[in-house]
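Remarks on the structure that follows.
The values are calculated or read from the model by the stated rules, or taken from the named source; none is laboratory data. Note that the structure is predicted; figures quoted are calculated from it, not measured. Note that we place each Cβ from the backbone using ideal geometry, even for glycine, and neighbour counts take in every protein chain shown.
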Amino acid sequence: MSKPLDTLWYTHSPVPTGLGIAVQTGRLAEAFQPFGTNIQSLRESTEREVREAHYDHHLKNSVRHGGNIPAIWAYASGVQTRVLGLSWSDEVQLILTTAESGVKSVRDLKNRRFGLPKWANVQIDFTRAQALRGLENALKLEGLEVSDVELVDYPYGGTYSDNQVQYVYGTPASLGVSRFSRRNNELIGLLRGDIDAIFLKGAHAVHLANEFGLHVVVDTGSHPDPLIRSNNGTPRTLTVDINLLQEHFDASVKIVDTVLRTEQWAWANPDETRRFLAQELNTSEYWVTAAYGEDAHRRLRTTLDSRSIDALQDFTDFLFRWNFIPRRFDVRDWIDFSVLEKVIGSTSRVAV
Amino acid sequence: MTHPLDTLWYTRCPVPTGLGIAVQKGWLQDTVGALGTEVQSLRESDDKAVRESHFDHTLRNSVRHGGNIPAIWARAQGRETRVIGLSWADEVQLILTRQDSGIKTVKDLKGRTFGLPDWAGAQIDFTRAQALRGLENALSLEGLKVGDVKLVNFRYGGTFSDTPVRNIAGTPVTQKTTERNLELIGLLRGEVDAIFLKGASAAQQAHDFGLHTVIDTGAHPDPLIRSNNGTPRTLAVDLNLLENHFDVATGILDSVLRAEQWAHTHPEDTRRYLAQETNSSEYWVTAAYGSDAHLRLRTALDEQAIAALQDFTHFLHRWRFIPTSFDVRQWIDARPLEALLNGKTALAG
C-alpha cells in the first residue's frame with residue numbers, strides 16, 4: 001500500500017450497486033483485511049454528521065456508490081471528490097396516475113396537477129430532482145414542458161440522515177424513526193384525488209402501482225434514448241474523496257478491483273444476486289425482477305463508457321438549469337480514469 | 001391400498017406453511033411419487049373451477065394447507081373433508097388508523113367508522129371474516145362490541161380465483177385485478193377512521209404510510225384473541241383420499257413435518273422462502289412473523305389449536321359466514337399423524 005490506511009469509510013445507496021454486493025458478500029472487508037484497514041459503514045454511524053456524508057461526501061477516506069445527484073451536488077459545491085466508475089442499471093421510472101383521473105398518455109398531463117416531494121431542510125433534495133427529471137423527460141417526448149403542468153409541493157420535515165441505519169438480515173433499516181414521520185405523501189395525495197400524477201421509480205414504484213391499481217402513464221426508464229432514461233440512478237457514481245485517491249492510490253485500486261470482481265460474480269450467480277438485491281432494496285425478489293428485469297444481475301457493470309459520461313453531463317446540466325447545484329461543470333474534469341485503467345490493465349479476464 | 005392414486009392436487013395459501021416448503025423443496029413430489037402419484041398445483045390451473053377448489057375444496061384427492069376460513073366454510077357446507085394437521089404461526093394482526101384520526105387506543109374506536117372489504121361475488125369472503133374477527137377481538141378487550149363502531153363496506157368485484165397463479169422468481173403471483181386495498185385507500189382518503197390488515201404486507205403498509213397501530217391482536221397473550229384465519233391454519237384433505245389412499249395422506253403429512261423440521265435448523269433459507277411465498281421482503285417477513293419465523297412452522301393437533309379452531313368456527317357461524325356450526329373434533333382425523341408418530345416409518349426422509 002502506498003500509505004497505510006487506518007479506516008476506509010464506505011457508503012452505498014439502497015439500490016443495485018457493485019459496492020453494495022461487495023459489502024454484503026464480505027468481499028470488501030476481505031480485500032482490505034490483509035492491510036489492516038478498518039472498514040466502516042458511514043450510514044450505520046451513530047453520528048448524524050457522519051451519516052450526512054452519504055449526501056455531502058465531506059468525510060476523508062471515503063467511497064460512495066449510489067445515486068449521482070448528491071455526488072454531483074457535492075462536487076459542484078466544492079467538495080474535492082473524483083468519479084472512479086459509473087454503473088448503469090436501468091430501472092422503471094414511472095409517471096403514475098389513478099384510473100379515475102382520466103389521464104391516459106403523457107399528452108393528457110397538460111394543465112394537470114403533478115405532485116413533487118419537497119424536503120425543505122436537506123442540503124440536496126434528490127427526491128425532488130429525480131421526480132422533476134422524470135417529468136421533464138416524459139413531457140419532452142410530446143413536445144411539452146414542465147410549465148405545462150401545475151406543480152404541487154408535498155413538504156417533508158427532517159433530513160435523510162436523521163435516522164441511524166442498521167442492517168437487519170441484509171436490509172438497511174432506519175432506527176429511531178419518529179412516530180409521526182410521514183412517507184409517500186405524494187402517493188397519498190394522488191390516492192386522495194388532490195393531484196393527478198406523480199413520479200416513482202424502482203421496485204417500490206412497481207409494487208405500489210400494483211398495490212393500488214395505478215395507471216402507468218409512461219416508464220421513462222424503458223425509453224430507447226439513454227438521455228431520456230438518465231436520472232439519479234442512471235448512471236450511478238462510484239466516487240472517492242481526493243485524499244483517498246492521492247494518498248492511498250492502492251486502496252482506490254483495491255476498491256474498484258473489488259467492485260469489478262463482485263460484479264463478475266453477480267453475472268454468474270443470478271439467483272443469489274436477486275436475493276441480495278431484494279435485501280438491499282427491502283422488497284421481494286419478484287419486485288426486483290419487475291423493476292430491474294430478469295437480467296438484473298447482468299445490469300451490475302461499472303465502467304467509464306462515453307454513453308454514461310454523456311448522460312452524466314446532460315443530467316448535470318439539468319440540475320444546474322433547475323438550480324439544484326450552484327454551478328455547471330464539465331464532468332470529464334471530475335472523472336479519474338487512472339484507477340479503472342490500472343485495474344483493467346492488471347486484472348482483465350481474471351478469474352472471479 | 002386398492003390401486004395407486006394417479007394425481008394428487010395440492011394448494012396452499014401465500015403464507016408460511018409446511019406444505020409450501022415441502023413443495024418448494026420437492027419433498028411432497030418425492031414422497032407421494034414413491035407411491036406412484038403425481039402432484040399438480042391447483043391454483044396454477046387454467047380451469048377456474050379447479051382453482052376455486054382452493055376455497056371450496058370440491059376437488060377429489062386434493063390437499064390444502066392454509067387459512068382455515070374457506071376450509072371451515074367448505075366443511076359447514078357439507079363437503080367431506082378431514083383436518084389431518086393444524087399449524088399455528090403467529091403473525092401481526094393490525095388495527096390501523098391515520099396519525100391525524102385522533103384514535104390512539106381501542107377505546108377511541110367507539111363511534112368511529114371502520115372499513116371492511118366486501119367481496120360480494122366470492123363464495124366465502126375470508127378477507128371480511130378475518131377483518132371482523134380482528135375488530136371484534138380488539139373491541140372485546142375493552143368491553144366494546146362491533147355494534148359500537150360504524151362499519152363501512154368497500155366493495156370488490158370478481159372472485160379470488162379469477163386468474164391463475166403463476167410462479168415467478170419463486171413467487172406465486174396473480175394477474176392484476178382492478179381493485180386493490182380499497183379499505184386502505186379509504187383510510188388514506190379519510191373516508192374511514194380505521195381498518196384491519198395482517199401479515200407482512202400489513203407491517204409494510206403501516207410503515208409506508210406512517211399509520212398508527214391501534215392494536216396488534218396477533219401479539220395478545222390469549223390464543224383465543226389471536227385466533228383467526230391463519231391461527232391455526234388447517235392441513236385438510238378430502239375424505240376419498242383419506243379412505244382410499246391413506247398412504248398418500250400419510251405421505252403428505254410426512255413431507256410437511258419433514259419440511260418443518262428442516263426449517264427449524266435453516267432460519268436463513270426459510271426466511272428467504274417465506275419472503276418469496278408472501279411476495280414480501282425478508283425484513284417485513286421478520287417484522288410480521290418474528291425473527292423466529294422458521295420455528296413457527298409446526299404442524300400438529302394440539303389442544304390449543306383445536307380449541308381456537310372451535311372458537312373461531314362459532315364466530316363464523318355467529319356472523320353467518322357459515323350456515324351451521326359444528327364440532328371441529330368430528331372434523332379432525334388424527335390417524336395419519338398417529339401413524340407417523342408411532343411408526344416413524346419408511347416414509348421418513
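Points to keep in mind about this one:
- Failed item in (1) over 17 Å from the mean Cα position of the chain (by Cα); (2) in contact (Cβ under 8 Å) with a residue 60 or more places away in the chain, with A:Ser308 passing the rest: (1)
- In summary, helices (runs of 4 or more DSSP H) completely within segment B:236-299 and bearing 3 or more residues that are among the β-branched types (Val, Ile, Thr), touching a helix residue (DSSP H, G or I) at 6+ places or on another chain (Cβ under 8 Å) and touching a residue at least 60 places away in the same chain (Cβ under 8 Å) occur at B:246-264.
- Residue under evaluation A:Val288, criteria (1) under 19 Å from the mean Cα position of the chain (by Cα); (2) surrounded by fewer than 24 Cβ atoms within 10 Å (Cβ to Cβ); (3) within 14 Å of another protein chain (Cβ to nearest Cβ), criterion not met: (2)
- Looking across segment B:312-345, just one residue is over 22 Å from the mean Cα position of the chain (by Cα) and among the acidic types (Asp, Glu), and that is B:Glu338.
- A:Ile242 vs. criteria more than 14 Å from chain B (Cβ to nearest Cβ), surrounded by fewer than 16 Cβ atoms within 10 Å (Cβ to Cβ) and aliphatic (A, V, I, L, M): yes
- Leading residue by the ranking (farthest from the chain's Cα centre (by Cα)) among those in segment B:184-199 that are small (Gly, Ala, Ser) and more than 9 Å from chain A (Cβ to nearest Cβ): B:Gly186
- For B:Asp327, the conditions (1) surrounded by fewer than 20 Cβ atoms within 10 Å (Cβ to Cβ); (2) within 14 Å of chain A (Cβ to nearest Cβ) are fulfilled apart from (2).
- Residue match in segment B:170-183 (condition: closer than 25 Å to B:Gly20 by Cβ, more than 10 Å from chain A (Cβ to nearest Cβ) and not in a loop (DSSP other than H, G, I, E, B)): yes
- Here A:Ile21 qualifies as crowded, with 24+ Cβ neighbours inside 10 Å and not acidic (Asp, Glu).
- Filter result for A:Asp153 (away from chain B (no Cβ under 14 Å), within 24 Å of B:Leu211 (Cβ to Cβ) and at pLDDT 95 or above): yes
- All positions within segment B:299-316 that are surrounded by fewer than 21 Cβ atoms within 10 Å (Cβ to Cβ) and hydrophobic (A, V, I, L, M, F, W, C): B:Ala300, B:Leu301, B:Ile306, B:Ala307
Results for (1) β-branched (Val, Ile, Thr); (2) part of a helix (DSSP H, G or I); (3) within 30 Å of B:Gly143 (Cα to Cα), shown as yes or no for each residue.
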| position | (1), (2), (3) |
| --- | --- |
| B:Pro4 | no, no, no |
| B:Val15 | yes, no, no |
| B:Leu19 | no, yes, no |
| B:Leu28 | no, yes, no |
| B:His54 | no, yes, no |
| B:Ile84 | yes, no, no |
| B:Ala89 | no, no, yes |
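- Residue in segment B:302-335 that is nearest to B:Pro172 (Cα to Cα), counting only those that are part of a loop (DSSP other than H, G, I, E, B) and touching an Asp or Glu at 6+ places or on another chain (Cβ under 9 Å): B:Phe321
- Options A:Gly143, A:Gly158, A:Gly115, A:Gly134; residue that is assigned by TED's automatic domain parsing to the domain that holds A:Ile195 and part of a strand (DSSP E or B): A:Gly115
- Every test in (1) closer than 28 Å to A:Tyr55 by Cβ; (2) among the hydrophobic types (A, V, I, L, M, F, W, C); (3) in contact (Cβ under 8 Å) with a residue 60 or more places away in the chain is passed by A:Val146 save one, and that test is (3).
- Residue list for segment A:206-225, restricted to those being surrounded by 17 or more Cβ atoms within 10 Å (Cβ to Cβ), in a helix (DSSP H, G or I) and away from every other protein chain (no Cβ under 12 Å): A:Thr220, A:Gly221
- All positions within segment A:33-73 that are within 30 Å of A:Trp322 (Cβ to Cβ) and assigned to a strand (DSSP E or B): A:Ser62, A:Val63, A:Arg64, A:His65, A:Gly66
- Given (1) at positive phi; (2) at pLDDT below 95, number of the condition A:Asp56 does not satisfy: (1)
- Restricting segment B:74-125 to residues that are among the acidic types (Asp, Glu) and more than 14 Å from chain A (Cβ to nearest Cβ), the residue that is nearest to B:Thr58 (Cα to Cα) is B:Glu80.
- Some residue of segment A:266-275 being surrounded by fewer than 20 Cβ atoms within 10 Å (Cβ to Cβ), in contact (Cβ under 8 Å) with a residue 24 or more places away in the chain and either within 14 Å of chain B (Cβ to nearest Cβ) or touching a strand residue (DSSP E or B) at 6+ places or on another chain (Cβ under 9 Å) (or both): yes
- Residue among A:Gln130, A:Gln123 that is touching a Phe, Trp or Tyr at 6+ places or on another chain (Cβ under 9 Å), under 20 Å from A:Gly221 (Cβ atoms) and away from every other protein chain (no Cβ under 14 Å): A:Gln130
- Some residue of segment B:149-164 being surrounded by 22 or more Cβ atoms within 10 Å (Cβ to Cβ), among the small types (Gly, Ala, Ser), more than 21 Å from the chain's Cα centre (by Cα) and more than 14 Å from chain A (Cβ to nearest Cβ): no
- Candidates in segment A:146-155 are the residues that are touching a helix residue (DSSP H, G or I) at 6+ places or on another chain (Cβ under 9 Å) and assigned to a helix (DSSP H, G or I); of these, the one that is farthest from A:Ser41 (Cα to Cα) is A:Asp148.
- Scanning segment A:233-283 for residues that are closer than 23 Å to B:Glu268 by Cα, outside any helix (DSSP H, G or I) and out of contact with any Leu (no Cβ under 9 Å at 6 or more places or on another chain) yields A:Asn269, A:Asn282.
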